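Remarks on the structure that follows.
None of the figures in this text is laboratory data; all of them are computed from the coordinates on show. From a predicted model like this one, the values you see are computed outputs, not experimental measurements. Positions of Cβ are backbone-derived with ideal geometry, glycine not excepted, and every protein chain shown enters the neighbour counts.
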Amino acid sequence: MEEAKDFTIQRLGDCTVPSPMSGVRFTRDEEHVLLHSDLGTIRLYLDAGSEPPKFEAAGPREKIFFDPSKLSCGIVTCGGLCPGLNDVIRSVVLSLHHHYGVRMIYGFPYGYEGLEPKFGHQPIMLTPQVVSQIDEMGGTILGSSRGNQDVPVMVDTLERMRIGILFCIGGDGTQRGALAISEEASRRGLKIGLVGIPKTIDNDISYVQMTFGFETAVSEAKRATSAAYAEAAGARNGIGLVKLMGRDSGFIAAFSALVDNEVNFCLIPEVPFTLDGFFSALKQQLEQRGHAVIVVAEGAGQELFEATGERDASGNIKYGDIGILLRDGIKEHFKRTGMEINLKYIDPSYMIRSQQANPHDSAFCLLLGHNAVHAGMAGRTGMIVGFWNHQFTHVPIPPAVSQRKKIDPEGWIWSSVLASTGQPAVMR
């Protein structure tokens, strides 16, 4: 049994202000969502005389921390684009305005740059009218950026503008920034809440079952795999190669393979392979079926590249382009063996990232935004809104960004992918 994790949420103080909301089910502070759902694991904790690890349940509280009539809030969107960004912005604004009566809501342009005066970005006043139809657009009306900014300077901006809650929409780097801002504000004795809404199209935030944009990404990826199949099936020894998002986690590639049963190979970062092993399996597929469809996550096969140590603006190690490596490698291999092939390469990544959220994702974004506002108004800070066992939760930022969530090569997801594609379990 692993050591019980502490998911205690920081609070700015006691909640003494009656909530202006009515006619809703209020969440009690005693309500929690268990980390583990299987009875055997829960019994291990109980038999050891300890409580099973649990998350604080999300939702509106009957008493809140902030007086809405005196509150100003801010919103930033950081990192790469993802379907649903505008939906979350809209949800936060509408909940602050209609649920709590907050009128001063600022959007800071271009992520954390918007909190740095040296860039000269002017905050945007967000009202229900401004955000009324932004959910029908891809991208983010606030703009985004990558990279670190000066934390004390950002806190200076929040203090000068009397911001009580900053909602940070972004991935693990964004949430680390939010935690740093929260800690600096606390050192100064400032009552500023930092509430994160996890945004990663790769679905790789720890202790979060699903992040917004992921379902839309898988849905849009189906267009690419369908095109790849049409091209592959329409030519002798046709090969359709599709590169999808997934730096360190292969969730999009894996679920795309499950969505489209015409995918014959799925390559993900969590399962290493060699070129010789893969080429051998690909040759066998072509000899048996006459065509092949390959889906590869962008972070797969990085062991095939020589490490450069270079990093991008977000501090991530720059990865080699596995799509190009496979495209050129497949051509060279079959040319060398004398087998004629017809290969088509598709990289739809930026088209997928910029899409409008599909209806299910849009509803999910609405609920994430609502629960982020409820958490912020109740004085929670240094946390993200999570989703676990189909319930919304509060997750402290440190465990959420401690490591990236990945596919278990021995788990049910990967086993299902192998069953669907028919590819060898080992290609080494």
Under 16 Å from the Cα of residue 243 - aspartates and glutamates, other chains or at least 8 residues apart: 202, 220, 231, 260, 262, 270, 298, 321, 328, 347
Square roots of 5 times each gyration tensor eigenvalue, C-alpha, segment 302-428, largest first, Å: 39, 19, 17
The chain, helix-only ellipticity at 222 nm - DSSP H runs n ≥ 4, -39,500 (n - 2.57), divided by all residues, nearest 500: -10500 deg cm²/dmol
Fluctuation leader among 365, 15, 168 - the chain, Gaussian network, Cα springs under 10 angstrom: 15
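What length, rounded to one decimal in nm, is gained on full extension from residue 335 through to residue 303, with 0.36 nm per residue of separation minus their alpha-carbon distance? Please list the in-between numbers first.
Details: separation 32, 0.36 × 32 = 11.52 nm, distance 2.42 nm.
Residue separation times 0.36 nm, minus the Cα-Cα distance, leaves 9.1 nm.
What is the packing order of peptides 380-388, 270-278, taking the mean over residues of other C-beta atoms within 10 Å and listing the highest first?
Details: 380-388: 26.8, 270-278: 17.4.
Final packing ranking: 380-388, 270-278.
Cα-based Rg of segment 66-186 per 2.2 N^0.38 Å, rounded to two decimals?
Values: Rg = 13.5 Å, N = 121, 2.2 N^0.38 = 13.6 Å.
Here the answer is 0.99, to two decimals.
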Segment residue 276-residue 419, extension gain: residue separation times 0.36 nm, minus the distance between their alpha carbons: 49.3 nm
Label-point gap, in nm, between residue 130 and residue 354 - each point 7 angstrom along Cα→Cβ: 2.4
Packing-based ranking, highest mean first, of 337-349, 23-35, 234-246 given that Cβ atoms within 10 Å are counted: 234-246, 337-349, 23-35
Over segment 321-382: Kirkwood hydrodynamic radius from C-alpha pairwise inverse distances, Å: 16.2
Other-chain or far-sequence residues with amide H under 5 Å of residue 62's (modelled H): 27
Percent breakdown of C-alpha pair distances by 5 Å bin, ordered from the shortest bin, for segment 46-132: 3, 11, 17, 17, 16, 13, 7, 5, 5, 3, 2, 0
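Mind checking the full-extension length gain between residue 63 and residue 183? Use 0.36 nm per residue of separation minus the Cα-Cα distance, one decimal, nm. Present the calculation step by step, with values, prior to reporting the outcome.
Details: separation 120, 0.36 × 120 = 43.20 nm, distance 2.46 nm.
The residue 63-residue 183 span can extend by a further 40.7 nm.
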Gaussian network model of the chain, Cα within-10 Å springs - most flexible of 46, 326, 194: 46
Inter-label distance for residue 42 and residue 390, nm, one decimal - labels placed 7 Å from Cα along Cα-to-Cβ: 1.5
Gaussian network model of the chain, Cα within-10 Å springs - most flexible of 185, 375, 281: 281
Pairs beyond 20 Å (Cα-Cα), from 118/191; 70/191; 70/199: 118/191; 70/199
